[in-house]
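Data block below; observations after.
The values are calculated or read from the model by the stated rules, or taken from the named source; none is laboratory data. This is a predicted model, so every value here is computed, not measured. Using ideal geometry, Cβ is built from the backbone for each residue, glycine included, and neighbour counts are taken over all protein chains shown. When the accessible area is computed, the model is the full protein with side chains, heavy atoms only, and any ligands, DNA or RNA have been set aside. Shrake-Rupley method; radii C 1.70, N 1.55, O 1.52, S 1.80 Å.
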Amino acid sequence: MSTGNEEHTMKRRPLKIMPLGDSITVGYTDNSTWDHPFSFGYRAPLYTMLLERGLDFEFIGASEEPFDNRFGDPTFGGVVRPPFDLREIGAERHRGYGGWRIDQIPACIAEWVNTDDPDLIL
C-alpha cells in the first residue's frame, strides 16, 4: 500500500551529444605536421563547461580521427599527449571527419543518427 511518501528514484540517462562536422569537430590544427599539439579542439573546453554546470552527458560518435593516423600521428608515437586528454575519461567520441565538406554530411547523417541515437547534434 502506498503512503504517498515514497521517493521516485527513476534514474535519468545521460544526454547524448553528437559533435558532428569536419576537421574543426575533430580538433585538427596543423595536421599532418602537428607542430601545434592536438587538444581536441572545442570538445575539451565544452566538456569542461558542461561538467562544471552539473550536466549528465556523454559525447557519442564513431569517428576514430585523429588517432587513426589518417593525417599523421598527433601523439608522435605516444610521446605527446593533449593537456586534457578526453580519451582518459572516455569522452573522445564524435562524428568529425577531416577534409569533409558540409555537402557530404547529409549522405551519412541518417545512418549516424540511427546508429548513435543522439539527443543533441552539434
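Structure values in brief
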{"quantity": "Selection status of ASP30, of a type in the set (Asp, Glu) and touching a residue at least 40 places away in the same chain (Cβ under 8 Å)", "calculated": "no"}
{"quantity": "Positions within the stretch 43-69 being assigned to a strand (DSSP E or B) and either more than 18 Å from ASP22 (Cβ to Cβ) or open to solvent by 50 Å² or more (accessible area, probe 1.4 Å) (or both), in sequence order", "calculated": "PHE57, GLU58"}
{"quantity": "Residue match in the stretch 51-68 (condition: out of contact with any Gly (no Cβ under 7 Å at 6 or more places or on another chain), at positive phi and modelled with pLDDT under 95)", "calculated": "no"}
{"quantity": "Near pairs, Cβ below 6 angstrom, 6+ apart or cross-chain, from the stretch 62-82 (among the charged types (D, E, K, R)) to any residue that is outside any loop (DSSP other than H, G, I, E, B) and surrounded by 15 or more Cβ atoms within 10 Å (Cβ to Cβ)", "calculated": "GLU65/VAL26"}
{"quantity": "Residue, most open to solvent (accessible area, probe 1.4 Å), within the stretch 70-87, restricted to residues that are assigned to a loop (DSSP other than H, G, I, E, B) and at positive phi", "calculated": "PHE76"}
{"quantity": "So GLY77, is it over 19 Å from LEU46 (Cα atoms) and out of contact with any Pro (no Cβ under 6 Å at 6 or more places or on another chain)", "calculated": "yes"}
{"quantity": "Matching option when the condition is small (Gly, Ala, Ser) and either within 15 Å of SER23 (Cβ to Cβ) or surrounded by 14 or more Cβ atoms within 10 Å (Cβ to Cβ) (or both), among GLY96, GLY90", "calculated": "GLY96"}
{"quantity": "Count - residues of the stretch 99-122 that are within 22 Å of GLU58 (Cβ to Cβ), β-branched (Val, Ile, Thr) and open to solvent by 70 Å² or more (accessible area, probe 1.4 Å)", "calculated": "2"}
{"quantity": "Residue match in the stretch 96-116 (condition: at positive phi and within 15 Å of the chain's Cα centre (by Cα))", "calculated": "no"}
{"quantity": "Output for the stretch 88-122, where each listed residue is at pLDDT 95 or above, in contact with a Phe, Trp or Tyr (Cβ under 8 Å, 6 or more places away or on another chain) and assigned to a loop (DSSP other than H, G, I, E, B)", "calculated": "ALA91, GLU92, ARG93, HIS94"}
